[in-house]
Each structure stands twice: as structure tokens, then as C-alpha cells.
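*Asks:* Please read through the structure below; I'll follow up with questions.
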Amino acid sequence: QGGYQEGPAFVPGAPAAAVPPPAAVGPTKVVLLRNMVDPDEVDADLESEISEECTKYGKVEQVVIAQMDEGGKAVVKILVAFAETESAAKAVDALDKRYFGGKIVRASCYPLDKFEAKDYTA
């Protein structure tokens, strides 16, 4: 009896448990690459270059280059759909925080339902 409780204990001064950011998405077969290129760097070869680079991680089914405005700034999102979730996870591990053309690339999984609906705003 007394003060015993089931579950995790709160210890003042102890670091908080690691919590993924709200936008974190569980493993999917679609990878979102951000900060890879600027809008003026998008050219006719970019899609095939991305596809070729990503085949190191598995079979690439589709590459989408989405240019949009976010908070008044033009951004390029590159979405790569793999045949397998495991391939996408390998790509995220390899590409996230990698330098490409002097920029630090941000790679993450992208919600499959939004990708299939051609909603690239997530």
C-alpha cells in the first residue's frame, strides 16, 4: 500500500523520454527528401538522377518532384516511392543529414495515403 504505483516513475531532473516530433511518420514505402535542391536547380535530368541514386537502396517505383510555396518561400520536395518499406527505411537512414550540393538533406518517411492522393503538403 503506501505510495507504490505501477508504471513509469517521474524523477525530477531526469531527462524526459525521447518523443518523436508530431510530424514523425512510421515506416512507409515513400521517402520525402527536403532541402536537396532549390527551385532554380530543378531540371529535366533531376528525376532520373534521383531514381538512379535511390536504386542503391531498392527498387524505385516512382519519383515525384513537387515545387510549392511554404510560408512564402519556394521549396522543392522530392518524393521517392520504393517497392518495399525496407528499401525506403534504408534510404532514409543513408540520406538523412547527408550533404548534397552543399546542403544538408532531410529524409523522412511520407504518408502513403497522402502520396497516393497526390497530396505533397505534409
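*Asks:* Which whole-Hz ³J(HN,Hα) couplings does segment 43-49 yield from phi under the Karplus relation 6.51 cos²θ - 1.76 cosθ + 1.60, θ = phi - 60°, glycine and proline marked x?
*Replies:* So the Karplus estimates, Gly and Pro as x, are 9, 5, 8, 4, 4, 5, 5 Hz.
*Asks:* Something else now. Amide H to amide H, which residues 5 or more places from residue 100 or on other chains are under 5 Å from it, using H placed in the peptide plane?
*Replies:* When sequence neighbours closer than 5 places are left aside, the close amide H contacts are 105.
*Asks:* Within segment 25-122, list the trypsin sites (Lys or Arg not before Pro) lying in a DSSP loop whose Cβ has at most 12 other Cβ atoms in a 10 Å radius.
*Replies:* Passing sites in segment 25-122 are 56, 59, 97, 118.
*Asks:* On to the next question. Set the bar at 22 Å for Cα to Cα. Now go through 29/103; 59/90; 97/118 and name every pair that lies beyond it. Working shown, then result.
*Replies:* Details: 29/103 24 Å; 59/90 12 Å; 97/118 26 Å.
The pairs that break the limit, which is 22 Å between Cα atoms, are 29/103; 97/118.
*Asks:* Heavy atoms only, probe 1.4 Å: what % of the accessible area of segment 34-122 goes to carbon and sulfur, would you let me know?
*Replies:* Looking at segment 34-122 in its full context, I get 47 percent from C and S.
*Asks:* How much net charge surrounds residue 57 when only the other residues with a Cβ under 14 Å from the Cβ of residue 57 are counted, with Lys and Arg +1 and Asp and Glu -1?
*Replies:* Net local charge, residue 57 excluded: -2.
The values are calculated or read from the model by the stated rules, or taken from the named source; none is laboratory data. Values in this document were obtained by computation on a predicted structure and should not be read as measured data. Glycine gets a Cβ as well: all are built from the backbone with ideal geometry, and neighbour counts include every protein chain shown. Just the protein is used for accessible areas: all its heavy atoms, side chains included, with ligands, DNA and RNA removed. Shrake-Rupley method; radii C 1.70, N 1.55, O 1.52, S 1.80 Å.
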